[in-house]
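Working notes, beginning with the structure itself.
Every number here is computed from the coordinates shown, using simple stated rules; none is lab data. All figures in this text were calculated on a predicted structure; none of them were measured in a lab.
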Amino acid sequence: AKRCALLMILTKSYIKEIAFRESIFFDKCKIQNAKCKIRLEKTRALESEEIIMKNVLCIGNSFSQDATRYLHQVSGEELFVRNLYIGGCSLERHYNNIVGNIADYDYQKNGRYLRKISIEEALGKKKWDYITVQQVSQDSGIIDTYEPFLCEIVKFIREKGPNAKIVFHRTWAYDANS
């Protein structure tokens, strides 16, 4: 249930539970100095009446796959959701795929493979309302693994989809002795 929580509030009438309470939006992030540090600010929880999404792109791994698999069945409204999937994909790999324009992602609709695609091509396919990014689980509790990759990914997404809201899909961190 935790994996699917992020995107389970995509309609204002059908689902009333607010899952973005624990998510981080990049609306207010500030890119600072040459080291490209991102300062994240949690925003207030969105009310269900405010949430109207039509086009959602997830850049992730199995967590984004789980979050999007049944979304069309519970949305109650028309919703265009696509997932860019590479199993166990880290922020560093997402960044390297952007730099090399590598078409290494499974472009998925409802958890089903459509074809291989790059992040840049996927960003150009639609005017996305929301774009999610995520870190791989084994690195999610290690802050040093986020930069400079997260900052560069956010900058790239903003260039290609300036009107999209960028959401960080938090996954759980592994235990220190895992």
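Points worth noting:
- Of Lys126/Lys160; Lys54/Lys125; Lys109/Lys160; Lys109/Lys155; Lys54/Lys116, pairs whose Cα-Cα distance is over 18 Å: Lys109/Lys160; Lys109/Lys155; Lys54/Lys116
- Karplus (6.51, -1.76, 1.60) ³J(HN,Hα), θ = phi - 60°, over segment 115-131, in Hz, Gly and Pro reported as x: 4, 7, 7, 9, 4, 4, 5, 5, 4, x, 6, 8, 8, 6, 7, 9, 10
- Put simply, the amide H of Ser140, placed in the peptide plane, has neighbours under 5 Å in Tyr174, leaving out anything fewer than 5 places away on its chain.
- Amide H contacts of Val81: Val56, each under 5 Å away and 5 or more positions distant or on a separate chain (H built 1.01 Å from N in the peptide plane; Pro and chain starts excluded).
- Amide hydrogen proximity for Ile59: with H placed 1.01 Å from N in the peptide plane, the residues at 5 or more positions away or on another chain lying under 5 Å are Leu84, Thr132, Val133.
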